[in-house]
Amino acid sequence: SFLRLATTSDKQIQTLQAQVEKNKNLLAFSLGKKVGKKLFLTNREKANFDRVKVLCEQVEATIATPKNAEENKAIQNLANGTPAFLGITDKVQEGQFVYITGERMTYTNWRENEPNNHGSGEDCVLLNNDGSWNDISCTTSLLAVCEFPV
Ligand code: NAG
């Protein structure tokens, strides 16, 4: 038959996969801080926690959640002196900080005497410009940093 289905060949798929890898490298190099399988990016917007959560979800990412010192440092460098939200809260149970994905925390970097649920209460987490963490009101406007699986 002279009718042919428009299928994608293995070779074309390989070419596309290679191009996707190149694009990832380009993004990581030009914009982000890549650590292992995570790429941290910011749009430089400052917003409250719920807004930052939505901003990240809209691009199929999650709020930056450092799970070791290297990731914490990468977010700190990207934030470049501007305090940022982390994807950690104790909204569900006061004093029990957990990842917004629900899992228990495996790494923390609290500043001395933090978390302290200061004032009328603090259920969100801020990454200070020195890399240390402080619990803070979720209605505070802080830098939006998202993490992308790469
Ligand atoms: C307050 C902080 C609070 C922190 C305390 C330490 C704000 C709104 N509140 O200024 O999170 O625990 O200092 O003394 O920044």
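Residues with beta-carbon under 14 Å from that of Pro83, excluding Pro83: net charge, scoring Lys, Arg +1 and Asp, Glu -1?
Charge balance near Pro83 sits at -2.
Contact order normalised by length for the range 78-150, with contacts defined as Cα pairs under 8 Å and 6 or more residues apart; what percent is it?
Normalised by residue count, the contact order of the range 78-150 is 37 percent.
Determine the alpha carbon to alpha carbon distance for each of Lys53/Lys73; Lys11/Lys53; Lys24/Lys91; Lys46/Lys91; Lys22/Lys91 and list only those over 31 Å.
Cα-Cα > 31 Å for Lys11/Lys53; Lys24/Lys91; Lys22/Lys91; rest within.
So what's the net charge close to Glu122: Lys and Arg +1, Asp and Glu -1, counting the other residues with Cβ under 14 Å from its Cβ?
That sum, taken over residues with Cβ under 14 Å, equals -3.
Counting Lys and Arg as +1 and Asp and Glu as -1, what is the net charge of the other residues whose Cβ lies under 15 Å from the Cβ of Arg51?
Within the 15 Å Cβ shell, the charges total 0.
Rounded to the nearest 20 debye, what is the charge dipole size of the chain about its Cα centre when +1 sits on each Lys and Arg Cβ and -1 on each Asp and Glu Cβ?
860
With r as the distance between the Cβ atoms of Ser137 and Lys37 and R0 = 35 Å, compute the FRET efficiency 1/(1 + (r/R0)^6) and round to 0.05.
Computed FRET efficiency for Lys37 and Ser137 comes out at 0.65.
Can you quote the Å³ per residue value for the convex hull of the Cα atoms in the range 93-150, rounded to an integer?
Normalising the Cα hull of the range 93-150 by residue number yields 120 Å³.
Regarding the chain, what whole-number volume in Å³ per residue does the convex hull of its Cα atoms give?
That works out to 147 Å³ per residue.
What number, in percent, do you get for the relative contact order of the chain if the mean sequence gap of Cα pairs under 8 Å and at least 6 apart is divided by its residue count?
Worked out over the chain, it gives 32 percent.
Where does the chain land at 222 nm, in deg cm²/dmol rounded to the nearest 500, when only DSSP H runs of n ≥ 4 count, each adding -39500 (n - 2.57), divided by all residues?
-9000 deg cm²/dmol
For Trp110 and Asn80, what is the calculated FRET efficiency with R₀ set at 22 Å and r taken between the beta-carbons, to the nearest 0.05?
Rounded to the nearest 0.05, the efficiency is 0.50.
Please compute the length gained on full extension between Asn25 and Glu103, using 0.36 nm multiplied by the number of residues separating them and subtracting their Cα-Cα distance.
Residue separation times 0.36 nm, minus the Cα-Cα distance, leaves 25.1 nm.
Which of the cysteines in the chain are isolated, no other cysteine C-beta under 4.7 Å?
none
None of the figures in this text is laboratory data; all of them are computed from the coordinates on show. Quantities reported herein were computed from a predicted structural model and do not represent experimental measurements. Using ideal geometry, Cβ is built from the backbone for each residue, glycine included, and neighbour counts are taken over all protein chains shown.
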